[in-house]
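J.: I have a structure here, written as structure tokens, and I will follow up with some questions on it.
The values are calculated or read from the model by the stated rules, or taken from the named source; none is laboratory data. For clarity, every value in this text was computed on a predicted model and none was experimentally measured. In this analysis, Cβ positions are derived from the backbone assuming ideal geometry, glycine residues included, and neighbour counts consider all displayed protein chains. For the accessible areas, the whole protein counts, side chains as well, though only heavy atoms, and no ligand, DNA or RNA atoms are used. Shrake-Rupley method; radii C 1.70, N 1.55, O 1.52, S 1.80 Å.
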Amino acid sequence: GLMAEMPIGESGFAVQPEVLYVMKGGKGDFTVEGYDITVDLKQDYVEVPVLLKYNIPTEGSVMPAFFAGPVVGFNVGSKVEWDGIPAEAGADAPEDGDIENNKSVDFGITFGGGVGMVVGETGRLTFDLRYTLGMTQLYDDVGAGDYEENGIYFTDDNDAALDFKNSDIRLMVGFFF
């Protein structure tokens, strides 16, 4: 991804906008009629965090920092893969493919800390550890007449969206020029 840091005066505070390509997902194992099934969800986003950052002043070339702010993610892909489906399931077996009722926008809050190290005349190598708490349900409800044939939907028996939100922990490495 790309990021920039814009200082707010001499206070140590800065605004740090970013544009990141982020791959998220999850994997679950369960047993259905005696068969061990694995489902693998893959969600790809272009995320735009806007962080308020505080760089703690130090005397040396290492500068710790803390940050927090909102993040909006734009879904660019949402797939599911199944493993362990028995051959005798035939036409009733779920297929791999795109999830049809995935929301296109995801909102969250990111916070964390990191350390920057001066490299050369103007460069800075950074290491961040951050947590992003998802605030948006990932899937939309589906009306009974809205299902496409062979489409993959994450809903319950009443056509209500399953209750999933994104959350993640990241270790990021970056370089400021």
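J.: Taking the options GLU95, GLU81, name whichever one is over 17 Å from LYS24 (Cα atoms), modelled with pLDDT under 95 and open to solvent by 60 Å² or more (accessible area, probe 1.4 Å).
T.: On the way: GLU81 fails: over 17 Å from LYS24 (Cα atoms).
Result of the check over GLU95, GLU81: GLU95.
J.: Something else about it: Regarding GLY69, is this residue open to solvent by less than 30 Å² (accessible area, probe 1.4 Å), in contact with an Asp or Glu (Cβ under 9 Å, 6 or more places away or on another chain), at pLDDT 95 or above and not hydrophobic (A, V, I, L, M, F, W, C)?
T.: Working: open to solvent by less than 30 Å² (accessible area, probe 1.4 Å): yes; in contact with an Asp or Glu (Cβ under 9 Å, 6 or more places away or on another chain): no; at pLDDT 95 or above: yes; not hydrophobic (A, V, I, L, M, F, W, C): yes.
Answer is no for this residue.
J.: Looking at the structure I just gave you, is MET172 surrounded by 14 or more Cβ atoms within 10 Å (Cβ to Cβ), closer than 18 Å to GLY1 by Cα and within 25 Å of the chain's Cα centre (by Cα)? Don't jump to the end; show me each part of the working.
T.: Numbers: surrounded by 14 or more Cβ atoms within 10 Å (Cβ to Cβ): yes; closer than 18 Å to GLY1 by Cα: yes; within 25 Å of the chain's Cα centre (by Cα): yes.
Criteria met by MET172.
J.: Then there is this: Quick check on this structure: which one of LYS27, LYS53 is loosely packed, with under 12 Cβ neighbours inside 10 Å, more than 13 Å from the chain's Cα centre (by Cα), closer than 30 Å to MET135 by Cβ and without any contact (Cβ under 8 Å) to a residue 60 or more places away in the chain?
T.: Values: LYS53 fails: loosely packed, with under 12 Cβ neighbours inside 10 Å.
Result of the check over LYS27, LYS53: LYS27.
J.: When you scan region 12-22, how many residues do you find that are open to solvent by 60 Å² or more (accessible area, probe 1.4 Å) and over 16 Å from THR110 (Cα atoms)? Explain how you work it out, then say what you get.
T.: Initial filter on region 12-22 (open to solvent by 60 Å² or more (accessible area, probe 1.4 Å)): 13, 19, 21.
Still in the running and over 16 Å from THR110 (Cα atoms): 13.
Qualifying residue count, region 12-22: 1.
J.: Let me ask you something else. Assess whether VAL76 counts as being within 19 Å of ASP168 (Cβ to Cβ), open to solvent by less than 80 Å² (accessible area, probe 1.4 Å) and out of contact with any Leu (no Cβ under 6 Å at 6 or more places or on another chain). Spell out the reasoning first.
T.: On the way: within 19 Å of ASP168 (Cβ to Cβ): yes; open to solvent by less than 80 Å² (accessible area, probe 1.4 Å): no; out of contact with any Leu (no Cβ under 6 Å at 6 or more places or on another chain): yes.
It is false that VAL76 is within 19 Å of ASP168 (Cβ to Cβ), open to solvent by less than 80 Å² (accessible area, probe 1.4 Å) and out of contact with any Leu (no Cβ under 6 Å at 6 or more places or on another chain).
J.: Go through GLU121, GLU100 for me and flag whichever is over 16 Å from SER78 (Cβ atoms) and open to solvent by 50 Å² or more (accessible area, probe 1.4 Å). Quick ask: steps written out before the conclusion?
T.: Numbers: GLU100 fails: over 16 Å from SER78 (Cβ atoms).
Criteria check complete, one pass: GLU121.
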